[in-house]
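Student: First the structure, which I've put down as structure tokens, then a few questions once you've had a look.
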Amino acid sequence: MSEWLVVAAIVLAGASGVAGLLGGRGGAAGERIAALAMFAAGGCGLVAGFAGLLGGEPGLLQAAWPVPGGRFALQVDPLSALFVVQISLIAPLGSLYGLGYWAQRDHPENGARLRASYGLVVAGMLLLVVARNAVLFLVGWELMALAAFLTITTEDEQRAVREAGYLYLVATRFGTLCLFAMFGLLFAASGTLEFEGWSRAMRSPLADAVFVLALLGFGLKAGVMPLHVWLPGAHANAPSHVSALMSGVLIKMGIYGLARITSLYALPPPWWGHALVGLGVVSAVLGVAFALGQHDLKRLLAYHSVENIGIICIGLGVALLGRSLGRDDLVALGLAGALLHTWNHGLFKALLFLSAGSVLHATGTRDLDRLGGLSRQMPSTALAFLVGAVAICGLPPLNGLVSELLVYLGLFRLVGGESGRAWLAGALAAPALALVGALAIACFVKAFGTVFLGAPRSRATVGAHEAGASMLAPMGVLAACCFGIGLGAPLVVPLLGPAVASWSGAPLAVPLGQLAPLRSVAVASASILAACALLGAWLAARTRRAAGAVGTWDCGYAAPGPRMQYSSSSFADTLVRLFSWALRPEASELRLREAFPPPAAFRSHVPDTVLDRVLLPGFRAADRVLGWLRLLQRGSVHLYLLYVVATVVALLLWR
Amino acid sequence: MPIVHSVIHVGLVLVLPPLLLGVINKTKALFAGRVGPPWLQAYYDLLKLLRKGSVFSRTTTWVFRAGPVVALVTGLFAALLLPLGGHAAPFGFEGDFVVLVYALGLGRFFTVAAALDTGSAFEGKGGAREVTFSCLAEPALFLGLLVLARASGSLSLGGMLGPEVLGAWASDGAPLAAVLVSLMVVLLVENSRIPFDDPNTHLELTMIHEVMVLDHGGPALGLIHYAAAVKLFVFAALVVGVAVPLGTADPWLAWLGFTAALLALAVVVGVIESIMARLRLLQVPTLLVAACLLSAFGIVLLAREWT
């Protein structure tokens with residue numbers, strides 16, 4: 001039943017943009033039909049997903065498919081269902097937001113194309129998470145990856161957008177190449193391309209190679225540092241609801257792939273878990289450090305995706321280590337933490353990207369240092385961003401705390417219990433996670449403060465207006481979900497139990513509700529929230545007759561101006577310097593040379609170290625070295641025929 | 001009986017914190033050869049501030065008023081998670097230390113956001129320093145907690161700071177000593193004490209915590225001062241829990257011993273403030289990294305037994 005519902009969702013989502021493509025450029029009917037179809041798809045997906053999470057034995061939907069090695073096999077097992085739910089919730093909200101954000105009448109030239117490709121991305125993702133055949137999986141994967149290229153390059157008249165799009169295309173091609181190799185190895189080990197055929201524990205020397213290829217292929221999609229190079233540009237330059245979908249859902253497909261492939265191995269070597277924890281720590285710490293250095297709001301959010309993928313990888317690594325050590329508690333805590341964080345990050349990151357999109361829509365700029373004081377003109381958007389910011393920092397009373405607590409508990413148990421050498425991973429990752437939490441607070445206070453608080457820093461905010469209802473409603477739903485998981489943890493987290501059990505291949509020895517203090521955390525969150533409300537009401541009543549309409553005191557300084565405020569760059573300056581060994585910030589030099597110095601300008605910038613200092617120079621060097629090979633390739637058919645003749649003659653002579 | 005102890009716990013948390021400030025200031029006055037303010041001066045200040053009117057800058061929004069509220073609530077909440085003097089906390093569970101640190105993080109988030117809400121360069125500067133130094137203090141704190149978790153075999157503060165610590169001192173004295181020093185550094189930096197920050201200075205450019213709250217006045221400022229005292233109490237109780245592990249043989253004596261240890265710690269903080277100068281801001285990260293390394297050594301010392 002739920003398989004058919006997912007098929008319906010795939011068809012509805014994939015076809016959602018067709019009406020818009022067929023219709024004229026000006027009509028608004030196409031966009032409404034697309035949003036409606038997306039909501040219908042989301043409804044089907046949600047029902048199917050929750051049925052898969054709660055239901056018993058999942059059914060397998062099969063059909064023959066005349067493709068070599070291919071077979072039409074779909075299944076909604078609990079692990080797939082988790083991702084189906086996530087896709088089906090966020091994709092319709094994004095398309096509703098798009099009605100206001102990218103209205104057809106404002107963007108007649110590319111609106112229809114954007115909606116069509118958006119639907120294809122969603123269809124591809126739904127297909128790949130339920131596919132049970134390698135060829136079908138790759139079809140879904142490629143549909144998602146290529147349609148995502150089209151959505152990223154919506155504004156392809158801009159140079160930055162084109163560059164981000166091509167970079168994404170190169171990266172995703174490389175990732176797919178790795179996946180082809182990985183499935184090839186699995187085929188070599190088992191003789192089949194069906195997922196079922198792999199579900200026996202495969203003990204072959206190829207297992208390590210499969211894991212490395214999965215790490216490359218899926219890690220590239222997920223944006224694990226140092227494979228994240230495509231991510232910041234693509235997220236920053238896509239329309240904001242597409243960024244929300246990509247950051248909230250699309251990169252999680254890499255996590256799904258990693259979870260699916262690692263579930264095949266009953267006894268993974270310990271180095272798998274160590275590798276994932278190590279990569280997770282690097283991604284989390286450097287992701288948030290790079291985010292601190294950004295002054296483009298959407299780029300900042302994009303680097304936070306790298307950070308959160310790191311936290312998810314730490315959880316997955318703990319689960320793998322638990323499996324290697326034969327400790328069920330570590331498996332349950334690590335995997336539940338990783339999967340819940342996958343959900344959570346989807347919710348709050350989509351919320352943050354949507355509210356950032358409203359800011360961009362209202363002011364026309366993503367530059368933090370040109371914004372400020374927007375919470376007056378856009379109070380609801382400011383509140384939405386604040387909820388997302390508190391949630392992503394893992395602070396009570398919201399959802400981020402629950403998943404981070406699960407991961408922390410896994411790490412502390414790794415150090416505390418009998419775990420041989422694996423304690424080192426816990427001893428490294430727990431303080432790193434604390435560092436990440438503190439850095440995330442620094443970064444989001446900076447982002448929230450410079451955009452919404454204080455005084456406007458430029459004229460960009462003059463005409464700013466609150467977002468429309470179709471843009472605010474999705475943000476409201478996402479914020480409510482953040483509160484729901486934070487305050488309702490004892491109800492939500494046990495939903496993950498079947499997924500954890502299906503990953504580990506055995507029912508949970510101890511239910512998740514007993515492994516982690518879910519009830520206590522929910523009580524803690526609720527009491528903090530209630531106490532803040534009470535005390536806040538008291539203070540508001542107490543200060544009702546406050547003297548207003550005075551300037552900031554500022555120690556009595558007579559003429560403070562908005563340009564004297566701390567900017568996002570100055571706020572993060574000390575931290576960026578502490579991390580300068582990795583960030584390598586660039587700043588123009590300012591030096592006073594004479595008594596009456598002329599006007600001066602100052603710029604600072606944090607480039608992506610991996611992309612701008614390693615990969616691009618490396619490619620350029622390779623281009624120079626290998627350039628002489630072009631001598632052979634002249635583009636002349638005669639010459640190529642000559643090569644063929646020469647080769648044949650050489651072969652004849654040699655034999 | 002446990003109800004009585006919970007009531008005492010809540011009472012101590014609500015009443016005692018400003019006294020710590022009084023003890024610190026008396027100690028400093030003693031070193032300077034002054035009489036100093038009365039022991040209860042902090043209470044008088046609070047009462048005076050709560051009675052006053054308020055002035056709010058036209059730049060500010062509701063976030064400015066939320067800062068003090070959230071800071072106080074999260075501080076009090078954290079104090080309820082800590083076991084005091086060997087008595088179990090009123091609210092304790094596995095992993096409560098994570099919730100404690102993240103609750104304080106929520107308070108920091110809103111305090112700094114309130115500072116940025118004024119649109120003043122001074123307060124932005126204070127906020128930037130606050131979040132920067134916390135970034136280095138938090139790994140040190142978690143490394144310390146890792147050592148305590150391993151040494152006491154427990155994943156809740158009730159065990160980490162409970163009677164088990166006494167046994168841990170006997171078997172793993174060196175790691176615990178390292179952690180104690182590291183936690184002391186964390187106490188000083190998180191509460192903006194000398195050598196990291198000077199709570200008495202009136203030169204805005206050098207301050208961290210005080211400069212963030214320059215524009216608050218009246219009841220809001222009262223809440224901030226109270227919240228700062230509660231935060232000092234939380235970290236002091238953490239340090240006392242490690243340094244003076246008290247059993248519950250005589251529960252009433254344990255309360256007395258805990259209070260005495262807490263006040264003694266306040267004297268120690270006062271002595272540190274009297275005999276040290278404030279560090280240059282650029283040297284602060286170095287000291288914090290040293291505190292992290294100290295706790296990391298604690299883990300290595302513990303690990304020597306089980307690899």
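Student: Select, from B:254, B:264, B:290, the only residue that is touching a Ser or Thr at 6+ places or on another chain (Cβ under 9 Å) and open to solvent by 40 Å² or more (accessible area, probe 1.4 Å).
Tutor: Numbers: B:254 fails: open to solvent by 40 Å² or more (accessible area, probe 1.4 Å); B:264 fails: touching a Ser or Thr at 6+ places or on another chain (Cβ under 9 Å).
The conditions single out B:290.
Student: Further, regarding this structure: Looking at (1) open to solvent by 40 Å² or more (accessible area, probe 1.4 Å); (2) within 9 Å of chain B (Cβ to nearest Cβ); (3) in contact with a Ser or Thr (Cβ under 7 Å, 6 or more places away or on another chain), which is the one condition that is false for residue A:562?
Tutor: Condition not satisfied by residue A:562: (3).
Student: Among the residues of the stretch A:440-453, write down those that are over 12 Å from residue A:307 (Cβ atoms) and more than 7 Å from every other protein chain (Cβ to nearest Cβ).
Tutor: A:446, A:447, A:450, A:451, A:452
Student: Further question on the same structure: Only one of (1) of a type outside the set (Phe, Trp, Tyr); (2) closer than 30 Å to residue B:195 by Cβ; (3) crowded, with 22+ Cβ neighbours inside 10 Å; (4) within 14 Å of chain A (Cβ to nearest Cβ) is not met by residue B:42, so which one is it?
Tutor: In the conditions (1) of a type outside the set (Phe, Trp, Tyr); (2) closer than 30 Å to residue B:195 by Cβ; (3) crowded, with 22+ Cβ neighbours inside 10 Å; (4) within 14 Å of chain A (Cβ to nearest Cβ), residue B:42 misses (4) alone.
Student: Sticking with this one: Let me confirm something: among A:303, A:256, A:265, which residue is among the hydroxyl-bearing types (Ser, Thr, Tyr) and in a loop (DSSP other than H, G, I, E, B)?
Tutor: Details: A:303 fails: in a loop (DSSP other than H, G, I, E, B); A:256 fails: in a loop (DSSP other than H, G, I, E, B).
So the residue among A:303, A:256, A:265 that is among the hydroxyl-bearing types (Ser, Thr, Tyr) and in a loop (DSSP other than H, G, I, E, B) is A:265.
Student: Restricting the search to the stretch A:377-399, which residues are more than 9 Å from every other protein chain (Cβ to nearest Cβ) and either within 24 Å of residue A:515 (Cβ to Cβ) or assigned to a helix (DSSP H, G or I) (or both)? Outline the logic, then answer.
Tutor: First pass over the stretch A:377-399, keeping only residues more than 9 Å from every other protein chain (Cβ to nearest Cβ): A:377-378, A:380-381, A:383-385, A:387-388, A:391-392, A:398-399.
Across the stretch A:377-399, the qualifying residues are A:377, A:380, A:381, A:383, A:384, A:385, A:387, A:388, A:391, A:392, A:398, A:399.
Student: Return the only residue of A:322, A:317, A:310, A:280 being modelled with pLDDT under 95, over 25 Å from residue A:88 (Cβ atoms) and crowded, with 24+ Cβ neighbours inside 10 Å. Give the steps one after another, and end with the answer.
Tutor: Numbers: A:317 fails: modelled with pLDDT under 95; A:310 fails: modelled with pLDDT under 95; A:280 fails: modelled with pLDDT under 95.
Just one listed residue meets the conditions, A:322.
Student: Step by step: first the residues of the stretch B:282-307, then only those that are under 20 Å from the mean Cα position of the chain (by Cα) and within 11 Å of chain A (Cβ to nearest Cβ), then the one that is farthest from residue B:134 (Cα to Cα). Which residue is that?
Tutor: Initially, the stretch B:282-307 is screened for residues under 20 Å from the mean Cα position of the chain (by Cα), giving B:284-285, B:287-292, B:294-295.
Keeping just the survivors that are within 11 Å of chain A (Cβ to nearest Cβ) gives B:284-285, B:288-289, B:292, B:295.
Values: B:284: 11, B:285: 10, B:288: 9, B:289: 11, B:292: 12, B:295: 16 Å.
Looking at residues that are under 20 Å from the mean Cα position of the chain (by Cα) and within 11 Å of chain A (Cβ to nearest Cβ), I get B:295.
Student: Of the conditions (1) modelled with pLDDT of 90 or more; (2) facing chain B (nearest Cβ under 7 Å); (3) more than 26 Å from the chain's Cα centre (by Cα), residue A:408 satisfies every one except a single condition; which number is it?
Tutor: (3)
Conditions tested, residue by residue: (1) out of contact with any strand residue (DSSP E or B) (no Cβ under 9 Å at 6 or more places or on another chain); (2) within 19 Å of residue A:485 (Cβ to Cβ).
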residue	(1), (2)
A:293	no, no
A:298	yes, no
A:304	yes, yes
A:310	yes, no
A:315	yes, yes
A:344	yes, yes
A:382	yes, no
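Student: Now, a different point. Would you check if there is a residue in the stretch A:285-304 being of a type in the set (Phe, Trp, Tyr), closer than 25 Å to residue A:605 by Cβ and more than 13 Å from the chain's Cα centre (by Cα)?
Tutor: As a first pass, look at the stretch A:285-304 and keep what is of a type in the set (Phe, Trp, Tyr): A:290, A:303.
Checking the rest, the ones that are also closer than 25 Å to residue A:605 by Cβ come to A:290, A:303.
Narrowing further to those that are more than 13 Å from the chain's Cα centre (by Cα): A:290.
Taking every residue of the stretch A:285-304 in turn, at least one turns out to be of a type in the set (Phe, Trp, Tyr), closer than 25 Å to residue A:605 by Cβ and more than 13 Å from the chain's Cα centre (by Cα).
Student: Just wondering, is there one or more residues in the stretch A:427-438 that are farther than 24 Å from residue A:576 by Cβ, within 23 Å of the chain's Cα centre (by Cα), assigned by TED's automatic domain parsing to the domain that holds residue A:353 and free of Cβ contacts under 8 Å to residues at least 60 places away in the same chain?
Tutor: yes
Student: When you go through (1) over 16 Å from the mean Cα position of the chain (by Cα); (2) within 22 Å of residue B:161 (Cβ to Cβ) one by one for residue B:99, which number turns out not to apply?
Tutor: If we test residue B:99 against (1) over 16 Å from the mean Cα position of the chain (by Cα); (2) within 22 Å of residue B:161 (Cβ to Cβ), just (1) comes out false.
Student: Can you confirm whether the stretch B:263-277 contains a residue that is in contact with a Gly (Cβ under 9 Å, 6 or more places away or on another chain), more than 13 Å from chain A (Cβ to nearest Cβ) and not acidic (Asp, Glu)? Working first, answer last.
Tutor: Of the stretch B:263-277, the ones in contact with a Gly (Cβ under 9 Å, 6 or more places away or on another chain) are B:266.
Pick out the ones that are also more than 13 Å from chain A (Cβ to nearest Cβ) and you get B:266.
Keeping just the survivors that are not acidic (Asp, Glu) gives B:266.
There is at least one residue in the stretch B:263-277 that is in contact with a Gly (Cβ under 9 Å, 6 or more places away or on another chain), more than 13 Å from chain A (Cβ to nearest Cβ) and not acidic (Asp, Glu).
Student: Still on this structure, please answer the following. Looking at A:533, A:509, A:537, which is the one that is closer than 21 Å to residue B:155 by Cα, open to solvent by 50 Å² or more (accessible area, probe 1.4 Å) and more than 7 Å from every other protein chain (Cβ to nearest Cβ)? If you could, list the steps in order and put the result at the bottom.
Tutor: Numbers: A:533 fails: closer than 21 Å to residue B:155 by Cα; A:537 fails: closer than 21 Å to residue B:155 by Cα.
On inspection, the qualifying residue turns out to be A:509.
Student: Among the helices (runs of 4 or more DSSP H) confined wholly to the stretch A:1-111, which include 1 or more residues that are surrounded by 16 or more Cβ atoms within 10 Å (Cβ to Cβ) and under 24 Å from the mean Cα position of the chain (by Cα)? Walk me through how you get there before you give the answer.
Tutor: Numbers: elements: A:2-15, A:18-22, A:29-54, A:78-101.
Output list reads A:2-15, A:29-54, A:78-101.
Student: Of the numbered conditions (1) free of Cβ contacts under 8 Å to residues at least 24 places away in the same chain; (2) surrounded by 13 or more Cβ atoms within 10 Å (Cβ to Cβ), residue A:568 satisfies every one except a single condition; which is it?
Tutor: Every listed condition holds for residue A:568 apart from (1).
Student: Can you tell me which residue is surrounded by the most Cβ atoms within 10 Å (Cβ to Cβ) among those in the stretch A:411-439 that are touching a helix residue (DSSP H, G or I) at 6+ places or on another chain (Cβ under 6 Å), in a helix (DSSP H, G or I) and more than 9 Å from chain B (Cβ to nearest Cβ)?
Tutor: Among them, the one singled out is A:436.
Student: Let me ask something additional. Considering only helices (runs of 4 or more DSSP H) fully contained in the stretch A:465-569, which possess at least 2 residues that are modelled with pLDDT under 90?
Tutor: Numbers: elements: A:469-487, A:489-492, A:497-504, A:512-515, A:518-542.
Ranges flagged: A:497-504, A:512-515.
Student: Determine whether residue A:115 is free of Cβ contacts under 8 Å to residues at least 24 places away in the same chain and either open to solvent by 10 Å² or more (accessible area, probe 1.4 Å) or assigned to a helix (DSSP H, G or I) (or both).
Tutor: Criteria not met by residue A:115.
Student: Within the stretch A:582-592, is even one residue in a helix (DSSP H, G or I) and without any contact (Cβ under 8 Å) to a residue 60 or more places away in the chain? First the steps, then the outcome.
Tutor: Initially, the stretch A:582-592 is screened for residues in a helix (DSSP H, G or I), giving A:582-583.
Then keep just the ones that are without any contact (Cβ under 8 Å) to a residue 60 or more places away in the chain; that gives none.
The answer is no; no qualifying residue exists.
Student: Out of the residues in the stretch A:593-610 that are surrounded by 16 or more Cβ atoms within 10 Å (Cβ to Cβ) and part of a loop (DSSP other than H, G, I, E, B), which is farthest from the other protein chains (Cβ to nearest Cβ)?
Tutor: For the stretch A:593-610, the residue satisfying everything is A:608.
Student: If you don't mind, there's one more thing I want to ask. Within the stretch B:48-60, can you find the residues that are within 14 Å of chain A (Cβ to nearest Cβ) and either surrounded by fewer than 19 Cβ atoms within 10 Å (Cβ to Cβ) or closer than 23 Å to residue B:274 by Cβ (or both)?
Tutor: Residues of the stretch B:48-60 within 14 Å of chain A (Cβ to nearest Cβ): B:49-60.
Matches in the stretch B:48-60: B:50, B:51, B:52, B:53, B:55, B:58.
Student: A follow-up question, please. Could you list all residues from the stretch A:548-559 that are facing chain B (nearest Cβ under 7 Å) and on the phi > 0 side of the Ramachandran plot? Walk me through how you get there before you give the answer.
Tutor: From the stretch A:548-559, those facing chain B (nearest Cβ under 7 Å) are A:548-555; that's our starting set.
If the condition is that a residue be facing chain B (nearest Cβ under 7 Å) and on the phi > 0 side of the Ramachandran plot, then A:549, A:554, A:555 are the ones that fit.
Student: Checking the condition buried (at least 24 other Cβ atoms within 10 Å of the Cβ), more than 7 Å from chain A (Cβ to nearest Cβ) and either more than 30 Å from residue A:486 (Cα to Cα) or modelled with pLDDT under 95 (or both), which residue from B:92, B:124, B:119, B:85 passes? Don't jump to the end; show me each part of the working.
Tutor: Working: B:92 fails: buried (at least 24 other Cβ atoms within 10 Å of the Cβ); B:124 fails: more than 7 Å from chain A (Cβ to nearest Cβ); B:119 fails: more than 7 Å from chain A (Cβ to nearest Cβ).
Just one listed residue meets the conditions, B:85.
Student: On to the next question. Just one of the numbered conditions (1) buried (at least 24 other Cβ atoms within 10 Å of the Cβ); (2) at pLDDT 95 or above is not true of residue A:371; which one?
Tutor: Residue A:371 satisfies all of (1) buried (at least 24 other Cβ atoms within 10 Å of the Cβ); (2) at pLDDT 95 or above except (2).
The values are calculated or read from the model by the stated rules, or taken from the named source; none is laboratory data. All figures in this text were calculated on a predicted structure; none of them were measured in a lab. A quick note on method: Cβ atoms are made from the backbone with ideal geometry, for glycine too, and the neighbour counts reach across all protein chains shown. The accessibility values were calculated without ligands, DNA or RNA, using every heavy atom of the protein model including side chains. Shrake-Rupley method; radii C 1.70, N 1.55, O 1.52, S 1.80 Å.
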